[in-house]
Structure formats: structure tokens, C-alpha cells
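Only the coordinates and a few stated rules stand behind these numbers; no lab work does. The structure presented is a predicted model; accordingly, all values stated were derived computationally and were not measured. A quick note on method: Cβ atoms are made from the backbone with ideal geometry, for glycine too, and the neighbour counts reach across all protein chains shown.
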Amino acid sequence: MGKQWLQFFWFSLVLTAIILFSVVFGGYSSLHRSEGRIETTKVLFLNACQSKLDLLPQLLDSIKESEHKEILVKLKKTSKEAVAVLEHAISQESPLDRTITLRLETSQEALTKELAKLFAKLDQSQNKGNTDSYKTIKKQLFAAQDKVFYEKTRYNTEVLYFNSRTKIFPGFLIAKIFGFDKSKYFELSKDLLLGADRTFGVKV
């Protein structure tokens, strides 16, 4: 009888060790992969912002500056600020801290608003002299804005998943053991950097 209990004890001990190892290793792997996905989606989001900025020179070339000087001056100033913030964000190692996250979304949103003003003014103008190049670049900017929104949503999804896992059991213990709790990720605002139709409010 004593031998049977001893065998049962060792069996239970081994089984518990296997379960514990599986939970810890599984939790570590999950958080590690989650951080990898955050980094990937961060890069894709920043690339989407960069692609949008890269289209601005073509947009400016397609518009007669003399007819829209004031709004184009503001657009150029806003785009210059957005470029500076984006370059700073790209140069930072993940995770992006709260200050950089706020500056990034604010500068990108400011740029989007200036673009919306320009599109609205050109589309409402009595002089329908908009060139084919302007119409083409406008479509590309709409697509670029949708891409920014899509990548922002993916980034937020991954950040939310990681932050949620590190706040509940057993994730918060595993995060503390392996140092994941030191990683601070911040979501981008759900009310900013929306899709083209909601942002620009004009038809392509």
C-alpha cells in the first residue's frame, strides 16, 4: 500500500511539473511572439505614414500654387513637422513611449486635416480645372489614408492583446519572471487617423 502511494506521489509530482512547465513555457512563448507582432505592426504603421508623406510632392506639383497659396503654405509646414516626428519615431527602438506615440498621432492627424481642407477647396471650386495628375494622386492619398487606418488598427489590436495578457493570471506572473512587465506599449487613439471617407469627407 505504501509503495502504491509513493508511486502515485511521484506520478503526481512529475505530472504537476510537466503542467507547470507547459504553462510557463507556453506563457513565455505567447508573450514573446506578441512582442514580435507588435514590432512588426509598428513598422508597418510607420511605413504607411511614410508612404502617405511620400505622395505630397506629387500632390503639390499637380496644383497651381498661385491659386491656393495660403492653404498650401500651411500644408507644407504641417507636412514638415510630420516628417520630423515620423523620422524620430522610426529611429526609436520598440516600444514607442507615450510621448512619441502622442506626437506621432497628433502630427499625422494635423496633416490629414490640412489635406482634407485642400481637397474640399479644390472640389468645391468653380474652376473645375483639376488635372488628371491631381485626380490620380488624390486617389492614391485616399488609399494611403486607408492603409494608415488599417495598420493603426492592427497595431492597437496587438498592443491590447499584450497588455491584457500581462494583467491577468498567469500572464502577469510570467511577465514579471521574464521581464515582460518592463515593456510598456501604448495604443494609438481610436478617434484619430481614421479611414479616408471619414477623414476627408469628400469623394475620390
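Can you give the net charge of the other residues whose Cβ lies under 11 Å from the Cβ of Arg198, counting K and R as +1 and D and E as -1? Could you put the intermediate results ahead of the total?
On the way: positive: none; negative: Asp146, Asp191, Asp197.
It works out to a net charge of -3.
Would you mind classifying segment 1-107 by shape? Square roots of the alpha carbon gyration tensor eigenvalues, ordered a ≥ b ≥ c; an a/c under 1.5 is rounded, otherwise it is prolate if a/b is larger than b/c and oblate if not. Let's see the in-between values first.
On the way: a/c = 7.68, a/b = 5.21, b/c = 1.47.
Since a/c reaches 1.5 and a/b is larger than b/c, the shape of segment 1-107 is classed as prolate.
Just in segment 86-145: which GluC sites (Glu not before Pro) are loop by DSSP and have at most 16 other Cβ atoms within 10 Å?
Working: sites: Glu87, Glu93, Glu105, Glu109, Glu114; in loops: Glu93.
Loop-located and lightly packed - Glu93.
From the C-alpha gyration tensor of the chain, pull out the three semi-axes of the equivalent ellipsoid (sqrt of 5λ each), sorted largest to smallest, in whole Å.
On the way: eigenvalues 557, 45, 26 Å².
Taking √(5λ) for each eigenvalue gives 53, 15, 11 Å, largest first.
Counting Lys and Arg as +1 and Asp and Glu as -1, what is the net charge of the other residues whose Cβ lies under 12 Å from the Cβ of Ala110?
On the way: positive: Lys74, Lys77, Lys80, Arg103, Lys113, Lys117; negative: Glu81, Glu105, Glu109, Glu114.
Its environment carries a net charge of +2.
Step through the residues of segment 190-198 one at a time and calculate ³J(HN,Hα) from phi using the Karplus curve (6.51 cos²θ - 1.76 cosθ + 1.60, θ = phi - 60°), rounding each to whole Hz and writing x for Gly and Pro.
Working through the residues one at a time gives 6, 9, 10, 6, 8, x, 4, 4, 7 Hz.
Regarding segment 92-204, what's the average projected area of the Cα-atom convex hull, expressed in nm²?
Details: hull surface 33.1 nm².
For the Cα atoms of segment 92-204, the hull's average projected area reads 8.3 nm².
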